[in-house]
Ligand code: GDP
């Protein structure tokens, strides 16, 4: 699973401090140094690490741990709470207040957009009794359209597609009309990705945003993304004002740094995590559970 080595290292340094009968500023600094290294090695963005360590130290000192009875445990709790804070504090559900609710899926190619579109369609059909429509708006990869069609068949969810000889903007315009005619209350738009961010793609995505007026723009990021996450997340956010992120491939053995940085970079909640290739391998994101998992 993701975060394994980070988790081990953090647990080791916390274990050491837990065992201390008295806590000095020196051994707390030592622990913070170890945590800092563990986070950096896990590829967490350096700015995120810097703030994490500064906040942890400030809070720990603020709680007067040096004089408390079980100082180690207080510090462990401070680290846990800071990790929850970094990950987003509370669970964030989808916003279904508008009819139809349009969910626009964006992200780099291979991040898991198409798979996650299918997973969300399945989840909202089951959990919220919604009637979704999947829209194939990635006209650059014919395989993407076929992939979405196959997912739709498996899920018994209709897929709106017009092939790849028409602009993505025209597809979504027609899809919006189709969705309304056929009383789909949720329209999930699977957009194109690229290996790297480029301006024409961003322009196309901005056009799609204007046409569909989405309630949610979910940035799909692969947990394997390391430092690159900063560029990717900032760029999508600046151009589109995303409303949430989805972390995919948490079942893989990524170091997890990108996953830990994405909220701090974008200030939007992580809404879902993908934990496998199967269509039910998706969960709402619970920051406290994730922190528990990392800290053991
Ligand atoms: P897209 O190019 O962004 O649409 O990416 P795809 O949806 O085609 O996904 C790329 C690959 O990642 C596919 O092989 C998916 O099966 C795989 N994938 C997507 N999400 C997950 C996940 O949560 N876990 C694992 N292990 N694989 C995933």
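Checked across segment 69-77, the condition of being without any contact (Cβ under 8 Å) to a residue 60 or more places away in the chain and under 21 Å from the mean Cα position of the chain (by Cα) holds for no residue. Return the residue satisfying two criteria in turn: it lies in segment 279-291 and is assigned to a helix (DSSP H, G or I) and touching a residue at least 60 places away in the same chain (Cβ under 8 Å), and of such residues it is nearest to the ligand (Cβ to nearest atom). That would be 290.
Among the candidates 256, 276, which residue alone is within 16 Å of the ligand (Cβ to nearest atom), out of contact with any helix residue (DSSP H, G or I) (no Cβ under 8 Å at 6 or more places or on another chain) and either farther than 19 Å from residue 92 by Cα or in contact (Cβ under 8 Å) with a residue 12 or more places away in the chain (or both)?
Result: 276 is the single residue among 256, 276 that is within 16 Å of the ligand (Cβ to nearest atom), out of contact with any helix residue (DSSP H, G or I) (no Cβ under 8 Å at 6 or more places or on another chain) and either farther than 19 Å from residue 92 by Cα or in contact (Cβ under 8 Å) with a residue 12 or more places away in the chain (or both).
Restricting 131, 57, 127 to those that are more than 16 Å from the ligand (Cβ to nearest atom), without any contact (Cβ under 8 Å) to a residue 24 or more places away in the chain and more than 30 Å from residue 199 (Cα to Cα) reduces the list to 127. For segment 83-121, filtering for residues that are surrounded by 16 or more Cβ atoms within 10 Å (Cβ to Cβ), more than 13 Å from the ligand (Cβ to nearest atom), within 14 Å of the chain's Cα centre (by Cα) and in a loop (DSSP other than H, G, I, E, B) leaves 3. Residues that are within 16 Å of the ligand (Cβ to nearest atom) and without any contact (Cβ under 8 Å) to a residue 24 or more places away in the chain within segment 190-240 comprise 198, 201, listed in sequence order. Set side by side, the residues 47, 73, 20 differ, and just one is assigned to a loop (DSSP other than H, G, I, E, B) and surrounded by fewer than 21 Cβ atoms within 10 Å (Cβ to Cβ), which is 20. Annotation note: Cβ proximity below 6 Å between a residue of segment 151-162 that is crowded, with 21+ Cβ neighbours inside 10 Å and a residue that is not in a strand (DSSP E or B) (sequence gap 6+ or interchain) occurs for 151/118; 157/121; 159/148; 159/149; 159/152; 160/175; 160/178; 161/145.
Where a number appears in this text, it was derived from the coordinates with a stated rule and is not lab data. Computed from a prediction, not measured in an experiment: that's the story for all the values here. Ideal geometry is used to build each Cβ from the backbone, glycine not excepted, and the neighbour counts take in all protein chains shown.
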